[in-house]
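Working notes, structure below.
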Amino acid sequence: MHALHQTLIVLHFFGLALGFAASIANLVMFGLIARAAPADQAVLRRFPPKMAPLAEIGVGLLWASGVALVLGKWGGFGTMPGLFHAKLGAATVLVAVLVYLRWLRGRAQAGDKQAGSRIPNGVRVAAVLASTALVLAVLSFK
């Protein structure tokens, strides 16, 4: 069982790294797009939609490994401290924001410029939620 728990923790941290890497990459890219020449913007705009699924995969890994760890290693959600439940709240809202961003991406790819213009702010909100969940997780498992 120890090897399974360690594997789940590795998957959990891999999901964390993947989610944050994709999120930070897109935040940097949005800054570059905003300052780029119009001709360059069209090329640069192709990057964020390619990175977004990586963040979704990372969050999926976090949820799957996290639930498995809570149930298998710590005996269920009822045994977890209050800050963990706050972290879970931030992670749940993060998933809702990711679903909204996926919907916006679909609209933007269909030509809806207004939907596309909302994506950078949505990514910023997602980054704040992910950071909040991370801080609360660290405080939960001190």
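The values are calculated or read from the model by the stated rules, or taken from the named source; none is laboratory data. Keep in mind it's a predicted model, so treat the numbers as computed, not measured. Neighbour counts run over all protein chains shown; Cβ positions are idealised from the backbone, glycine included.
For segment 100-123, does any single residue satisfy the condition of being under 11 Å from the mean Cα position of the chain (by Cα) and either at pLDDT below 95 or exposed (fewer than 15 other Cβ atoms within 10 Å of the Cβ) (or both)? Within segment 100-123, not a single residue is under 11 Å from the mean Cα position of the chain (by Cα) and either at pLDDT below 95 or exposed (fewer than 15 other Cβ atoms within 10 Å of the Cβ) (or both). For segment 108-142, enumerate the residues that are under 28 Å from Leu32 (Cβ atoms), assigned to a loop (DSSP other than H, G, I, E, B) and hydrophobic (A, V, I, L, M, F, W, C). The answer is Ala110, and nothing else. The residues of segment 12-47 that are of a type outside the set (A, V, I, L, M), out of contact with any Pro (no Cβ under 8 Å at 6 or more places or on another chain) and more than 23 Å from Ser65 (Cβ to Cβ), listed by number, are Gly31, Arg35, Pro38, Asp40, Gln41, Arg45, Arg46, Phe47. Checked against the criterion of being in contact with a Gly (Cβ under 8 Å, 6 or more places away or on another chain), among the charged types (D, E, K, R) and within 22 Å of Leu54 (Cβ to Cβ), the candidates Arg107, Arg102 yield just one match: Arg107. Within segment 126-142, residues that are in contact (Cβ under 8 Å) with a residue 24 or more places away in the chain and over 18 Å from Lys73 (Cβ atoms) sit with their Cβ atoms under 9 Å from residues that are of a type outside the set (Gly, Ala, Ser) and part of a loop (DSSP other than H, G, I, E, B), at 6+ positions apart or across chains, in these pairs: Leu139/Pro81. Of the residues Arg35, Arg46, which single one is loosely packed, with under 12 Cβ neighbours inside 10 Å, of a type outside the set (Gly, Ala, Ser), modelled with pLDDT under 95 and out of contact with any Cys (no Cβ under 9 Å at 6 or more places or on another chain)? The unique qualifying residue is Arg46. Only residues that are in contact with a helix residue (DSSP H, G or I) (Cβ under 6 Å, 6 or more places away or on another chain), buried (at least 16 other Cβ atoms within 10 Å of the Cβ) and not hydroxyl-bearing (Ser, Thr, Tyr) were counted across segment 131-142, and they come to 3. For segment 21-78, a residue qualifies if it is within 16 Å of Leu8 (Cβ to Cβ), aliphatic (A, V, I, L, M) and free of Cβ contacts under 8 Å to residues at least 40 places away in the same chain, and the qualifying residues are Val67, Val70, Leu71.
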